[in-house]
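The values are calculated or read from the model by the stated rules, or taken from the named source; none is laboratory data. A quick note: this is a predicted structure, and the numbers were derived from the prediction, not measured. So basically every Cβ, Gly included, is an ideal-geometry build from the backbone, and we count neighbours across all protein chains shown.
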Amino acid sequence: MRTERRVTHRSGTIFDTSRFYRMLSTPAMLLLTFLFIVPLLITLSKAFISTEGTLSFGRIFEMMRDPYTQRILRFTLFQALISTIVSLAIGIPGAYLLVTYSFRGKHIIRAISMIPFVLPSILVVLGFVIFYGNNGILNSVLKQVFNLSEPPIRLLYTFTAVILAHAFYNFPIALGLISSFWEQLPQRYNQAAMTLGAKKWTVFRTITLPRIIPAILSASTLIFLFCFSSFAILLVLGGGPKFTTIEVEIYRRARMSLDIEGAAALSLLSIFVTITLVAIHLWLQRLMIRQEDVEQIQEQRLERKPHTIFGKFIVGAYVIFSIFFVLGPLAGIVYRSFQIPVSRSGDLAFSFDAYRQLFGFKQAPGSFLSIAGSALVTSITIAAITAAISLIIGTMLGARLRTRDKQGNSSLELYAMLPMAVSSVIVGLGYYIITSTLSGGDTLGRTLVILAHVVITTPFVLRSIVPEYRKIPISYSQASLTLGATVSQTFWHVELPLLRPALITGAAFAFALSMGEINATLVLADASIVTVPIIMYRLIGSYNFAGACALGTILIACCAIVFLTTESLRRSHNG
Amino acid sequence: MGELGLVCSNIRVTYPEFSLHLDLAVNKGELVSIIGPSGCGKSTTLQLITGLLPCETGTIMLHGVDITHMPVWERNIGMVFQDYALFPHVNVAKNIAYSLKLKKIPKKEQIERVRHLLDLVGLQGFEKRRIADLSGGERQRVALARALASEPQLLLLDEPLSALDAKMRKRLRQQIRHIHETTGITTIYVTHDQEEALTLSDRILVMQQGSMEQFATPEEIYNHPSTLYAAKFMGEGTLLPHALIPKILVSIDKGPDTVVFRSSGESRQVFFRPERVIVHDNPALAFPEFLPHLRFSDARVLSCEYQGGRYLITCDWNGHEILAYSRYRPKHTKVTLGVRVNDLVEYVEGLVAR
C-alpha cells in the first residue's frame with residue numbers, strides 16, 4: 001500500500017514542473033487577493049484608527065470593554081449555540097432513519113438536505129413571515145379549525161422565530177453531512193461487535209456513536225459558523241435591538257450610525273471568531289478522513305423497511321414533518337403571491353395584481369413594485385456576470401489544486417477558501433468603504449456589487465470543482481500527453497470536458513448565490529442599486545407581502561432551476 | 001545483435017526511500033518484459049522513458065535520437081496504461097483518433113486508420129461504442145489501438161492484463177504477441193506475472209528495488225538465473241547448502257570426481273527447479289539415471305498437490321525442504337529423489353558462480 005501511494009505521488013511530477021498550471025493559477029490568485037484581501041485590510045485598518053486619527057489599539061480595547069459589545073457578543077454566541085443544538089436535534093434522528101431504513105419519501109428527504117445551499121436567506125425570512133406570522137398561513141388555518149378569534153401562534157420578532165429559522169436553514173446540513181458520513185462506515189465492525197455479544201443498543205453506544213462523533217462535531221461547527229454570521233434572518237425576524245448580533249450591529253453602525261471605525265472594530269472581533277470556527281471545522285474534517293482512511297471498499301448497505309408499527313409511524317412522521325417544515329414556508333410564498341388584501345382587516349382575495357405590477361402592466365402609486373422589473377434585470381445581470389467570473393477563477397485555481405500533496409498546495413487551498421471564513425457583511429463593508437471614497441455612477445456601484453459577489457461565490461465554485469478534478473485519474477492526463485497533446489491541449493481536450501458537470505454545478509451555484517445575496521449588497525449598495533432581495537426586503541418592511549411573494553416566487557423558480565440542474569447532473573454522473 | 005531501438009544509459013532517479021538505476025539497451029523490433037514485485041521501479045521506468053518523469057542523470061536514445069530532454073508530447077511513444085485511461089467523455093473512435101486529430105490528419109484518413117486499428121485488435125464495428133459499455137478486455141484492446149494510432153516508434157504496456165480474468169489474459173497475451181509480430185514495433189511490457197513474461201518476451205528484465213537483477217532471454221532467466229533473487233522470483237525451486245553435496249553425490253563412472261564440487265565455502269548454495277527432480281517411490285528400484293546426480297534417499301513426503309497433469313510434492317529430507325514435480329502420486333510416505341548435477345545452479349552469496 002505504501003509503495004503504491006509513493007508511486008502515484010511520483011507520477012505527478014510532470015504536472016508539478018509544468019508552467020501551464022502556474023500560469024493559470026497565478027493571475028487567479030492575484031485577482032482573488034486583490035478582490036478579497038485589499039477591501040478586508042482597508043476595513044480592518046479602520047479599527048486601529050483612534051478618534052483623533054492616530055494609530056492605536058485604543059478603539060479595540062474600548063470596544064471590548066464596552067458592556068454593550070459584550071452583551072451582543074454573548075447573545076450572538078448564545079443564539080448560535082441554541083440554533084446548533086436545535087438543528088442537530090432535528091437532523092440526527094433524520095440521519096439515523098436515512099441510514100437504517102429504506103422507505104418511501106427517502107429521496108425527498110435527501111433532496112431537502114440540498115435546499116439550504118441554494119436558498120437565499122431573504123426567502124427563508126419571507127417564508128417564515130408568511131407561514132408563521134400572526135396573519136400567516138399556519139395561524140389562519142388554526143383559527144379556522146379551532147374557531148379562534150386571535151392568532152394562537154405569536155412567533156414573529158421573538159427569539160423562538162430566530163432559532164426556528166436557523167433550524168430550518170441548518171438542520172439539512174446536519175442531516176446531509178452526518179448521514180453521508182454514517183453511510184460510508186462499513187458495517188462489519190458492527191457485525192463484529194454483535195458476534196462478540198453486544199446488543200443493538202450497546203453496538204450503537206460503543207461502536208457507531210464514537211465513530212460518527214467527528215461528523216456530528218464537524219456539522220456542529222459549520223452550523224454554529226453559519227448561525228454566528230447569519231444576518232438577514234436576525235435583521236428581519238429578530239426585529240429590534242433586543243436581538244442584535246455582531247453582524248447586524250456592524251451593518252447598523254456602518255449604514256445608520258455612520259460609525260465606520262466602530263463597524264471595523266466589530267468586524268475584527270467577528271473575523272477572529274469565524275476563523276477560529278473554520279480552523280476547528282477543518283481540523284475535524286481531517287480527523288474524519290484520517291479515521292476512515294483505511295476504508296476503500298464500498299460495501300452494499302443492507303437497508304430494511306421499518307417493520308414495527310412504531311417504526312413506521314416514526315419514519316412517516318419524520319417525512320411529513322420535514323416536508324411540512326421545509327416546503328411549507330416556500331409553498332406559502334407561492335400561494336400568497338396570488339393574493340392581495342381587499343379590506344383593512346386583512347381579508348385576502350385571489351389576484352394576479354402583484355405580478356401585473358411587477359411586470360409593469362399596472363401602476364400602483366408609492367409601491368416599490370414598479371421598479372421590481374428593473375431589479376430583476378439588474379439581479380440577473382449581476383448574477384450572470386458573477387457566475388462567469390467566479391467560474392473562470394475557480395477553474396484556473398482548481399487546475400492547480402488538483403494534486404493534493406504538492407508543496408504549498410494545502411495552504412493555497414486554505415487561502416482560496418478564506419472568503420468563506422469571513423462573513424459576507426464584512427466583505428460588503430470593505431466594498432462600502434471603497435465606494436464612499438470613490439465617486440461614480442451606477443456602473444461603478446454595480447461593478448462593486450459584482451466584485452463582492454465574486455468574492456463570496458468563488459469558494460463555493462472551487463468546492464464544486466476541486467473534488468471532481470481530483471477524481472480524474474492522473475493517468476487520463478498522462479495518456480493524453482503520451483498521445484502527443486501538450487499540457488494545455490490536455491487541459492482543454494481532456495480535463496475540461498470531464499469537468500463539465502462540476503463546472504455547470506459551480507456556475508449554477510454561483511448564479512443562485514448571487515441572485516439571492518442580500519448581506520453584502522445591503523451593506524455596500526446605495527439606494528440606486530436595487531436587486532431582487534433588496535426590493536423584497538423593502539417590500540417586507542412596508543408590509544407589501546403580495547409583492548414580496550411575487551418576487552419571492554420568481555426567486556424560488558430561479559433556485560429550483562439551479563437545484564434541479566445540479567441534482568440531475570449529479571444523478572446522471574453517478575448512474 | 002540487431003539495430004538498437006531504445007538505449008537508456010546510466011539513468012538515475014533518487015527519492016528519500018527509493019532510488020532507481022537503469023542501463024538498458026533494447027533492440028529494434030524486440031519485445032522486452034520488465035518484471036519485478038510492486039514498488040521495484042517498473043512503472044517508474046516506463047514514466048522515465050515516456051518523459052512523464054524527468055531524468056536526473058543519463059541519456060535516453062530512441063532509434064538514434066536523444067530524447068532525454070524532449071517533452072512527452074513530442075516523443076511519439078505509445079503507452080497502454082494499467083487502468084487503460086480511456087477518455088470516458090468520447091466514444092471508441094474518438095479515443096483512437098485522439099492523436100491523429102492533434103496531428104491534424106485529414107478526417108477521411110482518420111476514419112480509415114481507426115477502422116484498420118480496430119481490425120487489428122479484433123473489434124470491428126466498435127467505432128461508436130461508449131467507453132462505459134465496454135468490457136475489460138475490450139477496453140484493453142481499445143487502449144492498445146489508441147496507443148498504436150500515431151504509429152509510435154516504441155510501445156509501452158504497463159501491466160495491461162492485470163485487471164482481467166485468467167482466460168482473457170491468455171487470449172489477449174497471444175493477441176499482443178501477434179500484433180507485435182505484425183507491426184514489428186519495439187515494445188516494453190511491464191508485468192508482475194512471470195508466466196506472462198516467459199511466454200511473451202524476446203528478453204526479460206528482472207528488477208528489484210530499483211536495480212536490474214538480470215536481463216536475458218526467458219530460457220536463460222528460467223534455467224540459469226544470474227541471482228538467487230531472480231531464481232526465486234521466476235518460479236519455484238529448492239535451495240540447499242553446498243556442503244551437503246559430497247555426501248549424496250552419486251558418480252556412475254566411479255572415477256575421480258570431475259564435478260566442480262571440490263571447493264566448498266560457507267556461503268555456497270545450490271538451486272534446482274522442481275521439474276528437474278526425479279521422484280521414485282520404490283527404493284528397491286535402481287535409478288534410471290546414468291549421469292552424475294544427487295540422490296536424496298528416504299525423503300518424507302510433507303504434501304502432495306495435484307496441479308492438473310502433475311503433482312507438486314513437498315518433501316522433507318534431513319531437515320531440508322525439497323520441491324519436486326511427479327507424474328504420479330507417491331504410494332508411500334517415503335520417496336527417493338534424484339537431481340542431475342548438470343541441472344544444479346550454484347550461487348555464492350546470492351550471485352551465480354561461473
Practice prompt. Working only within segment B:139-166, note down all residues that are hydrophobic (A, V, I, L, M, F, W, C) and assigned to a loop (DSSP other than H, G, I, E, B).
Written response: B:ALA149, B:LEU161, B:ALA163, B:LEU164
Discussion item. Looking at A:LEU217, A:LEU284 in this structure, which one is closer than 19 Å to A:ASN170 by Cα and modelled with pLDDT under 90?
Written reply: A:LEU284
Worksheet item: Looking only at segment B:62-81, which residues are touching an Asp or Glu at 6+ places or on another chain (Cβ under 9 Å), surrounded by 17 or more Cβ atoms within 10 Å (Cβ to Cβ) and not β-branched (Val, Ile, Thr)?
Response: B:ASN76, B:GLY78, B:MET79, B:PHE81
Worksheet item: Any idea which of (1) more than 9 Å from chain A (Cβ to nearest Cβ); (2) in contact with a helix residue (DSSP H, G or I) (Cβ under 9 Å, 6 or more places away or on another chain); (3) without any contact (Cβ under 8 Å) to a residue 60 or more places away in the chain; (4) at positive phi is the one B:CYS55 doesn't satisfy?
Response: (4)
Worksheet entry | Residues within segment B:86-125 that are facing another protein chain (nearest Cβ under 9 Å) and assigned to a loop (DSSP other than H, G, I, E, B), tallied | 6
Worksheet item: If you check A:ILE246, A:ILE207, A:ILE271, A:ILE223, which single one turns out to be modelled with pLDDT under 90 and either touching a helix residue (DSSP H, G or I) at 6+ places or on another chain (Cβ under 9 Å) or not assigned by TED's automatic domain parsing to the domain that holds A:SER410 (or both)?
Response: A:ILE207
Worksheet item: Can you tell me how many residues in segment A:438-477 are outside any helix (DSSP H, G or I) and buried (at least 23 other Cβ atoms within 10 Å of the Cβ)?
Response: 0
Worksheet entry | Members of segment B:206-221 found to be crowded, with 18+ Cβ neighbours inside 10 Å and part of a helix (DSSP H, G or I), listed by number | B:PRO218, B:ILE221
Fill in: Failed condition for B:LEU244, given (1) at pLDDT 80 or above; (2) assigned to a loop (DSSP other than H, G, I, E, B)
(2)
Worksheet item: If B:SER162 satisfies every condition in (1) of a type outside the set (Lys, Arg); (2) more than 11 Å from chain A (Cβ to nearest Cβ); (3) without any contact (Cβ under 8 Å) to a residue 40 or more places away in the chain but one, which is the exception?
Response: (3)
Practice prompt. Looking for whichever is under 26 Å from A:THR378 (Cβ atoms) and among the polar types (S, T, N, Q) here; the options are A:THR482, A:THR443, A:THR490, A:THR486. Which one fits?
Written response: A:THR443
Worksheet item: Would it be correct to say that B:SER33 is crowded, with 17+ Cβ neighbours inside 10 Å and assigned to a strand (DSSP E or B)?
Response: yes
Worksheet item: Any idea which of B:SER9, B:SER19 is more than 14 Å from chain A (Cβ to nearest Cβ) and within 23 Å of the chain's Cα centre (by Cα)?
Response: B:SER9
Fill in: Single match in A:SER514, A:SER488 (criterion: small (Gly, Ala, Ser) and within 14 Å of chain B (Cβ to nearest Cβ))
A:SER488
Worksheet item: If only one of B:LEU48, B:LEU31 is within 14 Å of chain A (Cβ to nearest Cβ), under 29 Å from B:ALA231 (Cα atoms) and modelled with pLDDT of 90 or more, which one is it?
Response: B:LEU48
Worksheet item: Could you say whether any residue in segment A:527-537 is within 14 Å of chain B (Cβ to nearest Cβ) and without any contact (Cβ under 8 Å) to a residue 24 or more places away in the chain?
Response: no
Worksheet item: Which of the residues that make up segment A:137-157 are in a loop (DSSP other than H, G, I, E, B) and either under 36 Å from the mean Cα position of the chain (by Cα) or crowded, with 16+ Cβ neighbours inside 10 Å (or both)?
Response: A:PRO151, A:PRO152, A:ILE153, A:ARG154, A:LEU155, A:LEU156, A:TYR157
